[in-house]
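What follows is one structure encoded as C-alpha cells, with my remarks underneath.
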Amino acid sequence: MNVHELVVDLVVRYGFQVLGAIVILGAGALVARWIGALVNAQLARRQMEPPMQQLVVRVVRIVAMLFALVVALDKLGFQIAPLVAGIGVAGLGIGIALQGVLGNIIAGMNIIFTKPFRVGEHISVAGVHGDVASIDLGSTTLVHADRSRVIIPNRKIVGEILHNFGGFRQLSLSLAVAQPGDLTILLRGVRDVVFANPRVLKDPPPAIGITQLTDVGVTMAVQPWVKVSDVGTADGELYQALAEHLRARGVGVTPPQRHEVHLVNGSRN
C-alpha cells in the first residue's frame with residue numbers, strides 16, 4: 001500500500017469521526033457562550049456582586065465546554081473512564097500546587113457572600129487600614145488619602161479581627177479661640193458655618209463644644225461627619241471657613257494644639 005492509498009484509507013476510516021468531533025466542539029463553544037450570556041443576564045438582574053458573577057459565568061462556560069470535549073473524544077473512540085480518572089489525578093496535583101491561590105479565591109467568595117465590608121467603606125484589618133477600592137476573588141485593594149494602594153490577599157482577611165468604619169468618617173478639628181466673648185453666640189456661629197458646608201452630613205449631627213479653658217480664651221472641638229471621599233477636602237474647607245468667620249467677628253484664632261482625624265464607626269441605623 002503506497003502513501004496515497006494509506007491517506008485515503010485514513011480519511012475514509014477516521015475522517016467522519018474527526019469532522020464530527022470538530023462539529024461537536026464548535027457547537028459546544030456556541031452553546032457555552034449562549035448559556036454564559038443567559039446566566040450573566042440572570043445574575044445581573046439579581047444584582048450579584050461582579051466578582052462572584054464573573055466566576056459563576058466562567059464556571060458554567062467551562063462545564064459546558066468540558067461536556068462537549070468529552071463527547072468529542074468519545075466520538076474519536078477514546079476511552080472516557082481512564083481519561084476522567086487521569087483528569088481527576090491531575091486536578092488533585094494542581095490543587096495542591098496552587099493551594100495558596102485557591103485559598104485566596106475561597107476567601108474571596110466568603111467575603112463576597114457574607115459582605116463584612118463593601119466598596120467605599122473604610123476598614124482596618126491585618127495591621128493596615130484604608131478605603132476599600134475593589135473586592136476581587138483573589139485580593140482586596142485599599143486606597144489611602146495619598147492615593148497609595150494596599151493589596152491584601154483575601155485569605156489574610158478572613159478569620160482576622162476586622163474593624164469596619166463604614167462609609168462615613170468623623171473629623172476632629174480643634175480651634176484655640178482668644179477672647180471669645182459670649183460663648184453661646186460663638187457656638188451658634190460655628191455651628192452655622194459647619195452646617196453651611198455641603199459636605200457635612202446633617203445626620204448624624206456634628207459635635208461642637210468647648211473642650212478646654214486657657215489663659216487667653218477657650219479651645220473648641222468641631223467634629224462633623226462626612227463621607228469617606230470628602231475627608232481631605234472637607235477638612236481644609238471647614239478650617240478656612242471657621243477662621244474667616246471668627247476673624248470677621250473680631251475674635252482671635254491661635255494655632256490649634258492638635259489636629260487629627262478620628263476613625264470612628266460611621267455606620268448608621
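Positive-end ranking of GLN179, THR141, ALA207 along the dipole of region 122-246, with charges on Cβ about the Cα centre, is headed by THR141. Entry comment: accessible area of region 151-257 is 51 Å² per residue, from protein heavy atoms only and a probe of 1.4 Å.
Given their separation in residues at 0.36 nm each and the Cα-Cα distance between them, GLU160 and VAL101 gain 19.4 nm when the chain is fully extended. Accessible surface for region 31-86, divided over its residues, is 71 Å² per residue with a 1.4 Å probe.
Here the label points at ALA145 and LEU213, each 7 Å from Cα along the C-beta direction, are separated by 3.3 nm in the simple model.
Per-residue packing, averaged as other Cβ atoms within 10 Å, sorts the ranges 190-201, 169-180 into the order 169-180, 190-201, beginning with the highest. Note on exposure: LEU55, LEU238 ranked by accessible area (1.4 Å probe, complete protein assembly) read LEU55, LEU238, with the most exposed listed first.
Fully extending the segment from LEU19 to ALA90, taken as 0.36 nm per residue of separation minus the present Cα-Cα distance, adds 22.7 nm.
The values are calculated or read from the model by the stated rules, or taken from the named source; none is laboratory data. Not measured: the values here are computed from a predicted model. Here the Cβ is made from the backbone with ideal geometry for all residues, glycine too, and neighbour counts use every protein chain on show. All accessible areas refer to the heavy atoms of the entire protein, side chains included, with ligands and DNA or RNA removed. Shrake-Rupley method; radii C 1.70, N 1.55, O 1.52, S 1.80 Å.
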